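Comments concern the structure below.
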Amino acid sequence: MKKEFRRRPKEKNTDSLDKLPPFDQLQALLQQGAITCEDIVDRCLHNIAQGAYLNAFLRVYAEEAKQQAATIDQMCQTNNLPELAGMVVGLKDLLCYKDHPVQAASKILRGFVSQFSATAVQRLVDKHAIIVGHQNCDQFGMGSSNEASAFGPVRNALDTTRVPGGSSGGSAVAVQAHMCHVSLGTDTGGSVRQPAAFCGLVGLKPTYARISRHGLIAYASSFDTIGILSRTIQTCATVLEIIAGPDDFDSTVSHRPVPVYTAQLHFDKRAKVAYFPVALEHPGLQPAIRKQTQATLDTLLRAGHQVEAVDFPLLEYALPTYYVLVNAEASANLARFDGVRYGYRSSESITVADMYQKTRTQGFGQEVQRRILTGTFVLSADYYEAWYVKAQQVRRLIKEKLEMIFATYDFIVLPTTPTTAFKIGAYTQDPLAMYLADLYTVPASIAGIPSISIPNGTDENGLPIGLQVMAPAFGEAQLLAFAQYLTLLL
Ligand code: GLN
């Protein structure tokens, strides 16, 4: 399919980027008058312009961001600092922001403007976070490299010949390249954790139903979560405690009280940690990642924690289970994009049936079409039992097995990805090889449990390695505290 036309800006050196003060220290600086919010926004806009060749942003809301910054600076003078004053946030192009376009990085939603904001977005705006723009991603969140966008690939700022991961690739690069403090991404099967690993960031996928999905363009509704990409655990916790919790617009959100995560970041227990030899011995695992993960487990052991090997033979079924189920859900969710109600409509058709067909053929990217077709197949009368029902059964087995492990252990530690950031174009012709990138991230998605990726050193090429930590459902407070402890330990 033809890509939407965008001229590729000239490549510059990422050294010309202006570093942002970490959000954790920013409020003090604002209060002392050492920096203004307008300075911060200017820096972000400068970096977005300088880093245009990275293709991280699809739309930048520069004037609005500047105005909001000016308002916050005035508030600072009255000494009344709003909770998220100074925080610049970018949104994956799957999250609605009232009166702004949203396109799922796909041609099919061309011209669509959100009539309301996603609850998570609104909660940030209410605390005076500044939304700086919408970020590039794989169409509808379907992909692991950000190459399946109608607007061209995103480049990893550490090595522009490599992918940033996907599908929240633009969201990761925006934080990596100091274009914003935080990005809200989405994680259905790893789309926040995997780009975080490839870009050297913190990426949290919360428990399913911890954060409202209202205003998130649906991919696979029983897996979709809004996730957070940031530089530090502290910033991640700050955002989570604001956006999590019940919402009248999404009845699936849990009513469990939302802990004050930022007040609980101190970890002083002896942790019981499980790891899966089957994951570490997988033939697809890059040796440097195996070595680094093993070294981390050894460090934990030496620090007095209980670290034990646990069998998880279901790992090999996780990927097929995931791809059967998400494609089934996607085929149902994406039926609404038909050229009749909103977005792109093919102008070449004469009959109504022709219009539907041409609109969907021209509007959706190749990967999205592949998934709609596969999903329709596994839901069709003849194959439903053999594929869809079977995958649901395996989903239950995986969920129960992980719950059993968490009856004994506090955390499961494993690599986030089998490889570090790969070259652009390496797997675009081989979807199955691309799906392998999600090997370690899909189990947490299948079980609906929280999982975080944190930086864990680099490989022989200096590319970041991610360490993944999973916790039981609604265990974000412990998970964040342990992740914080790990970042200090490693
Ligand atoms: N790469 C996975 C997929 O394509 C995960 C995507 C996601 O989490 N949105 O389904």
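The values are calculated or read from the model by the stated rules, or taken from the named source; none is laboratory data. Computed from a prediction, not measured in an experiment: that's the story for all the values here. Methodologically, a virtual Cβ is constructed for each residue, glycine included, from the backbone with ideal geometry; neighbour enumeration extends over all protein chains shown.
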>> Taking the condition of being surrounded by fewer than 24 Cβ atoms within 10 Å (Cβ to Cβ) and within 14 Å of the ligand (Cβ to nearest atom), how many residues in region 446-455 meet it?
In response: 1
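Restricting attention to region 398-430, report how many residues are of a type in the set (A, V, I, L, M, F, W, C), farther than 19 Å from V310 by Cα and out of contact with any Leu (no Cβ under 7 Å at 6 or more places or on another chain).
Looking only at region 398-430, we keep the residues that are of a type in the set (A, V, I, L, M, F, W, C), and these are 398, 402, 404-407, 411-414, 421-422, 424, 426.
In the following step, the residues that additionally are farther than 19 Å from V310 by Cα were identified as 421-422, 424, 426.
From what is left, the residues that are out of contact with any Leu (no Cβ under 7 Å at 6 or more places or on another chain) are 422, 424, 426.
Residues that pass the stated criteria total 3.
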> Which residues, taken from region 238-258, are in contact (Cβ under 8 Å) with a residue 24 or more places away in the chain and more than 16 Å from R123 (Cα to Cα)?
Replying inline: T252, S254, R256
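Could you run through region 119-175 and say how many residues are part of a helix (DSSP H, G or I), under 18 Å from the mean Cα position of the chain (by Cα) and β-branched (V, I, T)?
Initially, region 119-175 is screened for residues part of a helix (DSSP H, G or I), giving 119-126, 139-141, 169-175.
Pick out the ones that are also under 18 Å from the mean Cα position of the chain (by Cα) and you get 119-121, 124, 139-141, 169-175.
After this cut, where a residue has to be β-branched (V, I, T) as well, the list is 119, 121, 173, 175.
The total comes to 4.
Across region 204-221, what is the total count of residues that are more than 12 Å from the chain's Cα centre (by Cα) and either modelled with pLDDT under 95 or within 13 Å of the ligand (Cβ to nearest atom) (or both)? Even if it seems obvious, please write down each step before you answer.
Within region 204-221, the first condition is being more than 12 Å from the chain's Cα centre (by Cα), and the residues that meet it are 207-221.
Now restrict to residues that are either modelled with pLDDT under 95 or within 13 Å of the ligand (Cβ to nearest atom) (or both): 208, 213, 216-221.
Of the residues in region 204-221, 8 are more than 12 Å from the chain's Cα centre (by Cα) and either modelled with pLDDT under 95 or within 13 Å of the ligand (Cβ to nearest atom) (or both).
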> For region 183-225, which residues satisfy the criterion of being of a type in the set (V, I, T), under 14 Å from A447 (Cα atoms) and surrounded by 24 or more Cβ atoms within 10 Å (Cβ to Cβ)?
Replying inline: T188, T225
> Under the condition of being near the ligand (Cβ under 6 Å from one of its atoms) and either touching a residue at least 60 places away in the same chain (Cβ under 8 Å) or not in a loop (DSSP other than H, G, I, E, B) (or both), which residue from region 178-194 is farthest from I130 (Cα to Cα)?
Replying inline: G189
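Do any helices (runs of 4 or more DSSP H) lying entirely in region 341-445 carry at least 2 residues that are at pLDDT 95 or above and within 14 Å of the ligand (Cβ to nearest atom), and which ones are they?
Values: elements: 352-363, 366-379, 390-408, 431-435.
Qualifying helices (runs of 4 or more DSSP H): 366-379.
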>> Given the criteria surrounded by fewer than 20 Cβ atoms within 10 Å (Cβ to Cβ) and among the small types (G, A, S), does A426 qualify?
In response: yes
>> Yes or no: region 469-483 includes at least one residue that is crowded, with 24+ Cβ neighbours inside 10 Å and closer than 23 Å to D138 by Cα.
In response: no
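Report, by residue number, each residue of region 406-423 that is surrounded by 18 or more Cβ atoms within 10 Å (Cβ to Cβ) and aliphatic (A, V, I, L, M). First the steps, then the outcome.
Filtering region 406-423 down to residues surrounded by 18 or more Cβ atoms within 10 Å (Cβ to Cβ) leaves 406, 409-422.
Residues satisfying the conditions are I412, V413, L414, A421.
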> If you go through region 257-272, how many residues are under 23 Å from the mean Cα position of the chain (by Cα), closer than 16 Å to T207 by Cβ and surrounded by fewer than 20 Cβ atoms within 10 Å (Cβ to Cβ)?
Replying inline: 2
> What are the residues in region 156-170 that are touching a helix residue (DSSP H, G or I) at 6+ places or on another chain (Cβ under 9 Å) and either of a type in the set (G, A, S) or surrounded by fewer than 24 Cβ atoms within 10 Å (Cβ to Cβ) (or both), if any?
Replying inline: A157, L158, T160, R162, G165, G166, S167, S168, G169, G170
>> So G304 ticks every box in (1) over 30 Å from L109 (Cα atoms); (2) within 16 Å of the ligand (Cβ to nearest atom) but one. Which box is left unticked?
In response: (2)
> Can L334 be described as surrounded by 13 or more Cβ atoms within 10 Å (Cβ to Cβ), within 16 Å of the ligand (Cβ to nearest atom) and more than 19 Å from I405 (Cβ to Cβ)?
Replying inline: yes
>> If I filter region 341-364 down to residues being of a type in the set (G, A, S) and more than 21 Å from Q103 (Cβ to Cβ), which single residue comes out as surrounded by the fewest Cβ atoms within 10 Å (Cβ to Cβ)?
In response: A353
>> Need the failing condition index for V173 against (1) closer than 20 Å to A120 by Cα; (2) aliphatic (A, V, I, L, M); (3) buried (at least 22 other Cβ atoms within 10 Å of the Cβ), just the number.
In response: (1)
> Residues in region 243-263: is at least one within 16 Å of the ligand (Cβ to nearest atom) and either touching a Ser or Thr at 6+ places or on another chain (Cβ under 7 Å) or within 29 Å of C44 (Cα to Cα) (or both)?
Replying inline: no
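So that you can scan it fast, the table gives a plain yes or no per residue for (1) at pLDDT 95 or above; (2) over 26 Å from T361 (Cα atoms); (3) within 16 Å of the ligand (Cβ to nearest atom):
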position	(1), (2), (3)
Q68	yes, yes, no
Q77	no, yes, no
Q122	yes, yes, no
Q139	yes, no, yes
P153	yes, no, yes
L158	yes, yes, no
>> Suppose we filter G86, G51 for residues that are surrounded by 21 or more Cβ atoms within 10 Å (Cβ to Cβ) and more than 21 Å from the chain's Cα centre (by Cα); which single one remains?
In response: G86
>> Can you tell me which condition K92 does not meet? The list is (1) within 16 Å of the ligand (Cβ to nearest atom); (2) at positive phi; (3) among the charged types (D, E, K, R), and all the others hold.
In response: (2)
